[in-house]
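These notes concern the structure reproduced below.
The values are calculated or read from the model by the stated rules, or taken from the named source; none is laboratory data. If you're wondering where the values come from, they're calculated on a predicted model, not measured in any experiment. Glycine gets a Cβ as well: all are built from the backbone with ideal geometry, and neighbour counts include every protein chain shown.
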Amino acid sequence: MNRNSINWGNQSAIVRGKGDKEQEMYFNIRCDIWLKKYIDSRYDNDSAIFVTERSPHRLSIAQMRYIIKRISKRAGINKTIHPHQLRHSYTTHLLNNGAL
């Protein structure tokens, strides 16, 4: 995901998924606030939203998996969590809260 893929006006972003398909994903005000704080804290010019700390460059899928694994362990989740599972959780959350 790139910085220019975010539409701050309607709190959405265009993401590229399976089969290289583009899809609009929405986020809430809490995510809006934290995402702005994160982007404002960066001093690099990389177009990617999520970058490595040292010599900033786009995070690879393997790096994302590693980060998610570390976060799930700290949260006390005793099963392996994969990035795609988060997508399913996001969709379930939307459906449970009235999205069509």
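Taking the residues in the stretch 8-35 that are touching an Asp or Glu at 6+ places or on another chain (Cβ under 8 Å) and at pLDDT 90 or above as candidates, determine which candidate is farthest from A48 (Cα to Cα).
Q11
Does any residue in the stretch 83-100 that is free of Cβ contacts under 8 Å to residues at least 12 places away in the same chain come within less than 9 Å, Cβ to Cβ, of a residue that is basic (K, R) six or more places away or on a different chain, and which pairs are these?
Hits for this filter: H84/K18.
If R3 satisfies every condition in (1) at pLDDT 95 or above; (2) in contact with a helix residue (DSSP H, G or I) (Cβ under 9 Å, 6 or more places away or on another chain) but one, which is the exception?
It is condition (1) that R3 fails.
For the stretch 13-31, give me each residue that is under 14 Å from the mean Cα position of the chain (by Cα) and over 25 Å from H57 (Cβ atoms).
Scanning the stretch 13-31 gives E24, Y26, N28, R30.
Yes or no, residue by residue, for (1) free of Cβ contacts under 8 Å to residues at least 12 places away in the same chain; (2) under 24 Å from G98 (Cα atoms); (3) touching a Gly at 6+ places or on another chain (Cβ under 7 Å):
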{"site": "I6", "(1), (2), (3)": "no, yes, no"}
{"site": "V15", "(1), (2), (3)": "no, yes, no"}
{"site": "N28", "(1), (2), (3)": "no, yes, no"}
{"site": "S47", "(1), (2), (3)": "no, no, no"}
{"site": "R74", "(1), (2), (3)": "yes, no, no"}
